[in-house]
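Okay, so here's the structure we're looking at.
No value in this document is a laboratory result; all are computed from the given coordinates. In this text the structure is predicted, and so the values were computed from the model without any measurement. Here Cβ is always computed from backbone atoms with ideal geometry, including for glycine, and neighbour counts include all displayed protein chains.
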């Protein structure tokens, strides 16, 4: 199974069955996208063409002179079983069936899908789909989607894997992630999940060195027991964040006509997620806000949050947001407050939230974060820098992150630090720099608080499974502290 899944992400050879010379057809775009960065051999298959995009075309996959690891099928549904049979005879490891028109359209389509699955099993192949957008892997250049890159963003390599039962939603996520600067290790559109499903991919991603966090958009799961087992194996090693749709009766009906899945009772999924340590998200931005935090920062040992802010009002709002999520914003000890008083301006507040005020300079934030991290009184820090105030320099981000990294190398348990940056173009230029250097930044204190909650929840799950220290040890090696 591992080799078959590997063929999705790092194949030596790919055949596109249904490759087209017409730029308006998916078969053209799949071939075009692969040609951009994929370094392996590409074989267009089209009985009516000699060459497509400068590549020799073959009448059938059986005519290709070398082995084929991955076949991408982009032809009408009724013709798919015949070419799947040919793929089996050719010895293809894995199929991606982009074509729709299977169980999602009704009984006749379901019959066709059963026929396809029986052929796949007969030859020992694996199948992704049908009814998928495809796979995207920035590192290997595999892009079997049929979306024009002039209209669609494809993010750079990064530590977050994304599995989506909805192709359109998955593509939207890729576009948004590109705009947001979030890197993707692997993107997989699952479609009807006639064969390869979330459990298969979880088992593969556990061992994938390029993936630190796994995110999923789920509509319905057919093999519930296997799914639970895969989650139980995965979450003590890597965090899993799931966005489950179909929470309402109307949403469940919509799912049935989308991928032919049964949504199931939402409270059942909620219970499964709690039992297996999955962190549940309720929207696209929340999904990736939490994923970014878990990819870039260590999980938290507890729920005590220190808020370090340049603006008092933002500190109050951050406190409310944390408390509403069940986090604790503790009063600091007199000893810690005294250390902060020695650092801060007389008009600043050394209480939690620590308000350095709009008169602050770089050193007030940099020295304060060290005091808070070393206090032993907090588990997470949310910093709220207002980059536009006069005393803050353009070098603050580098100074601040250098100090955070230095202190975390000294501590037995590193303290996660995340930020909220409210502002416009200049603010987000600085915030983006911080994120590239390892501190996730959010456009509101509420979103930062939810990310802090995710760090706490995952830390609690690791502690429950007695693997918190093991995870931290591995995280230190990856991140460099």
Worksheet, complete the sentence: CD proxy, 222 nm, the chain: helix-only mean residue ellipticity via -39,500 (n - 2.57) per DSSP H run with n ≥ 4, per residue, nearest 500, stands at -13500 deg cm²/dmol
Worksheet item: Can you sort 63, 355 so the residue with the fewest Cβ neighbours within 10 Å comes first?
Response: 63, 355
Item to complete: Kindly provide the Kirkwood hydrodynamic radius of segment 153-296 in Å, to one decimal, from all pairs of distinct alpha carbon atoms.
Response: 15.1 Å
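Have a look at the DSSP beta bridges in the chain and tell me what percent are antiparallel, nearest 5.
10 percent
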Practice prompt. For each of 364, 351, count neighbouring Cβ atoms within 10 Å of the residue's Cβ, then give the residues from fewest to most.
Written response: 351, 364
Discussion item. If I take R0 = 60 Å and measure r between the Cβ atoms of residue 425 and residue 50 in this structure, what FRET efficiency does the formula 1/(1 + (r/R0)^6) give, to the nearest 0.05?
Written reply: 0.70
Response to the item:
Under the rule rounded for a/c under 1.5, else prolate if a/b exceeds b/c, else oblate, using alpha carbon gyration tensor axes a ≥ b ≥ c, segment 1-102 is classed as rounded
Worksheet item: Across 10 Å bins from the origin, how do the percents of Cα pairs in segment 353-481 run, short distances first?
Response: 12, 43, 34, 10, 1
Worksheet entry | Tilt relative to the chain, helix 334-343 - C-alpha long axis, 0 to 90 degrees, to 10 | 90 degrees
Item to complete: Could you work out how far helix 312-324 tilts from the main Cα principal axis of the chain, as a 0 to 90 degree angle to the nearest 10?
Response: 60 degrees
Worksheet item: Listing 402, 198 from the residue with the fewest other Cβ atoms within 10 Å to the one with the most, what is the order?
Response: 402, 198
